[in-house]
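> Below is one structure. I have some questions about it.
The values are calculated or read from the model by the stated rules, or taken from the named source; none is laboratory data. What you are looking at is a predicted structure, and each value in this text was computed from that prediction instead of being measured. Reconstructed Cβ throughout: ideal geometry from the backbone, glycine too, with neighbour counts over all protein chains shown.
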Amino acid sequence: MASANGHLVVISHGQWGTRRDVSFLGKCIEQTGATVVLPTSNHVTLTYSGIDVCGARVARDIRKAVEEGGGKYQKISLVGYSAGGLFMRFAIGELHAEGFFDKQGLQCHAFITIASPHLGIRHSARSWVGRARNGMLGGLSDLYGGRSLTHMMLEDSDDGQAPLLLRMTERGSNSMVALARFSKVYVYANVFNDRSVNYCSAAIAARNTYRGRSPEALAAHIEGYPRIISVSPVRSETSTMGDAPLAPAAAAAAAASTELADAAAAAAAADAQRRGGVHPATFVAGMALLTPLVLLHAVMLMVPLRVSAALSARDAPLPPPAAAAAATFDGSSAAAAAAAEDGGAATSDGREAPPKTNPPKGGGSAAQPLAPDDVPPLMLENFRASGVDIRRVDVRLDAANSHGAIIVRRAFHQKGGGADVLRHVTDIIVPAEEWRGGGGGGGGEGGGEDGDVKGVLLEGMEAAADAVAQL
C-alpha cells in the first residue's frame, strides 16, 4: 500500500451524535494509509451549543491534531456529516482567519459534507403542513436542539444581524473564502427518504427534480457506483444526470424509461394537486402519535443538557467584557465559549468579523429583520455566485430513513447501499491509484469498477464492526 501518512482527514458527526456515527467511514479511509481523526468535543448534548460554538470546538480539535502530528502532515481533508458539515464550514472560516493553513503549510485537499443542511431545515411555508412543522420545531428548539437548532431553523438574530447560516454564505466571509481554498468540494444528498435533511438543503438546489419518479425509474448511475445517480456542479440548474458518465446498460435503461417516468411524475403531480397534499385527517392522526414521542425524547435529553450546562457554568471562568458582548459572525462569543472550556479567555485569533461587503439582501437590519422563510433563496444565490466549484452528489438508497444509511451510521445500514457512498467518498479523498499502486477504479466522479477496491473496503467495514461497537 502506498504511503499516505502525510494526509490528515478529520470527520465530524452531526447533531445529537457521537464519533461512532462516522466510524465506518473513518475505518474505510484509514485503509488508504491516511490519518483519520474523529473529534469528540461535540458529544451528544454538547451539539446544542450553536453552530458557531460547535464549529469553534472542531477548529480546536483540528489545531490539536495538526500540532500533535509534529509537522508530518502536508495535506488535509475535512468531512462533515449532517450538522457536522455546518460545524466544519464554520471551523475552516475560523482557521482561515488566523492563517492556520498557511502557518502549518497545509494543502487544503477535499472538503465533503454528507446530508448537511446548508440551506437550513425549514419546511416550505407554502403549505399549512410545512408551517405546522416549522412551528413545532421552533417551539421545541430550546429542549430538542438548543442554539444549533435555532441556527438551522434560521430563526436566530444575534444583535439584530441576519441569520448565521446566511452570513456564512456571504461573498468575502471567512467561511466562503476558506471553502475556496479546497481543491475538491463535494456535497452528498439523499434524493429520497431523508427524514432529517431534505434534498434541496443538502444538495444546495432550488428543487428536487427526482420527486415523483419511482426508484425503479432511476436506473442511471455513475459507473462503478450503483447508488450514486449523478455528480453535477451546484451552479447548474439541473440536478438529474449532471455531467458524469453513466454505465452503458444504465444509460440505455434510463433512456427507455424517461417517457414512463415523466408520465408517472405528471400523474403524481396531478394526484397531489387533486388531494391537496397530505390529507388533513392523516396529518392530524400522525401528529397525535408523533408529538408525545417527540416531547418525551426532548425531556429525556433536557436533563443531561441542563446538568452539563450547570457544570460548565460552574467550572468556566467569567469571560472578559469583550467576549461577553453579543455574538458577531463567526464571532467572539463562539471563540469565548470554546476557549472557556480550556480554562482561558478568548483572544482575537479565530474571530470572524461581519463581512464588510455584500450585506445580506432583503433587509437584514435590526429595523427590518429577514423573515426565516426568505433566507434559503438568498443562501442558494450566494452559493451559486461564490465562484467556489461545489459538486453535488445525488444518492439513492433503499432505506426507510436514508439519513443514517448514507453514512452507514450502524452496521445494518450497509444493506441499504450506504457502503457505495463510503467507497465514493474514500475515492474522492484518496483516489485508488494513489494507495493501490495504480490498481484502477474509483477516484473522482466516475472511475472504473474495481471489485478488489470495493472488496477491501467492505471487508474493512465488516472487520471494523466489532471495534466500532466498543466506542
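> So which of 408, 430, 456 ends up being modelled with pLDDT of 75 or more, surrounded by 18 or more Cβ atoms within 10 Å (Cβ to Cβ) and either of a type outside the set (A, V, I, L, M) or more than 18 Å from the chain's Cα centre (by Cα) (or both)?
Unique residue meeting the criteria: 430.
> Moving on. Quick check on my filter: what residues within the stretch 1-30 are outside any loop (DSSP other than H, G, I, E, B) and among the hydrophobic types (A, V, I, L, M, F, W, C)?
Once the filter is applied, which keeps residues that are outside any loop (DSSP other than H, G, I, E, B) and among the hydrophobic types (A, V, I, L, M, F, W, C), the stretch 1-30 yields 8, 9, 10, 11, 22, 24, 25, 28, 29.
> Additional query: Take the conditions surrounded by fewer than 24 Cβ atoms within 10 Å (Cβ to Cβ) and part of a loop (DSSP other than H, G, I, E, B) and apply them to residue 33. Does it pass?
yes
> Of all the residues that make up the stretch 50-91, how many are part of a helix (DSSP H, G or I), buried (at least 24 other Cβ atoms within 10 Å of the Cβ) and small (Gly, Ala, Ser)?
7
> Additional query: Hey, can you tell me all the residues within the stretch 146-177 that are in contact with a Leu (Cβ under 8 Å, 6 or more places away or on another chain) and modelled with pLDDT under 75?
158
> Could I ask something else about it? Going through the stretch 213-233 one residue at a time, which ones are surrounded by fewer than 18 Cβ atoms within 10 Å (Cβ to Cβ), more than 21 Å from the chain's Cα centre (by Cα) and not polar (S, T, N, Q)?
Listed by number, the residues that qualify are 215, 216, 226.
> Could you check residue 394 against (1) part of a helix (DSSP H, G or I); (2) in contact with a helix residue (DSSP H, G or I) (Cβ under 9 Å, 6 or more places away or on another chain); (3) crowded, with 22+ Cβ neighbours inside 10 Å and say which number it fails?
Here residue 394 clears every test but (1).
> Another question, if that's okay. Looking at 38, 25 in this structure, which one is over 19 Å from residue 101 (Cβ atoms), aliphatic (A, V, I, L, M), in contact with a helix residue (DSSP H, G or I) (Cβ under 8 Å, 6 or more places away or on another chain) and surrounded by 24 or more Cβ atoms within 10 Å (Cβ to Cβ)?
Being over 19 Å from residue 101 (Cβ atoms), aliphatic (A, V, I, L, M), in contact with a helix residue (DSSP H, G or I) (Cβ under 8 Å, 6 or more places away or on another chain) and surrounded by 24 or more Cβ atoms within 10 Å (Cβ to Cβ) holds for just one of 38, 25, which is 25.
> Hey, could you check the stretch 169-227 for residues that are assigned to a loop (DSSP other than H, G, I, E, B) and acidic (Asp, Glu) and say which is farthest from residue 416 (Cα to Cα)?
Within the stretch 169-227, the match that is farthest from residue 416 (Cα to Cα) is 170.
> Give the residue, chosen from 174, 193, 208, that is polar (S, T, N, Q), touching a residue at least 12 places away in the same chain (Cβ under 8 Å) and on the phi > 0 side of the Ramachandran plot.
Answer to the selection: 193.
> Here's something else I'd like to know. Report, by residue number, each residue of the stretch 148-162 that is under 18 Å from the mean Cα position of the chain (by Cα) and either at negative phi or surrounded by fewer than 24 Cβ atoms within 10 Å (Cβ to Cβ) (or both).
Those that are under 18 Å from the mean Cα position of the chain (by Cα) and either at negative phi or surrounded by fewer than 24 Cβ atoms within 10 Å (Cβ to Cβ) (or both): 148, 149, 150, 151, 152, 153.
> Specify the residue that is nearest to residue 26 (Cα to Cα); the eligible residues are those in the stretch 92-111 that are surrounded by 24 or more Cβ atoms within 10 Å (Cβ to Cβ) and hydrophobic (A, V, I, L, M, F, W, C).
So, considering only residues that are surrounded by 24 or more Cβ atoms within 10 Å (Cβ to Cβ) and hydrophobic (A, V, I, L, M, F, W, C), the one nearest to residue 26 (Cα to Cα) is 111.
> Residue pairs, Cβ under 7 Å, 6 or more apart or interchain, first in the stretch 43-67 and without any contact (Cβ under 8 Å) to a residue 40 or more places away in the chain and hydroxyl-bearing (Ser, Thr, Tyr), second buried (at least 23 other Cβ atoms within 10 Å of the Cβ) and outside any helix (DSSP H, G or I). List them.
Listed by first residue and then by second, the contacts come to nothing, as the list is empty.
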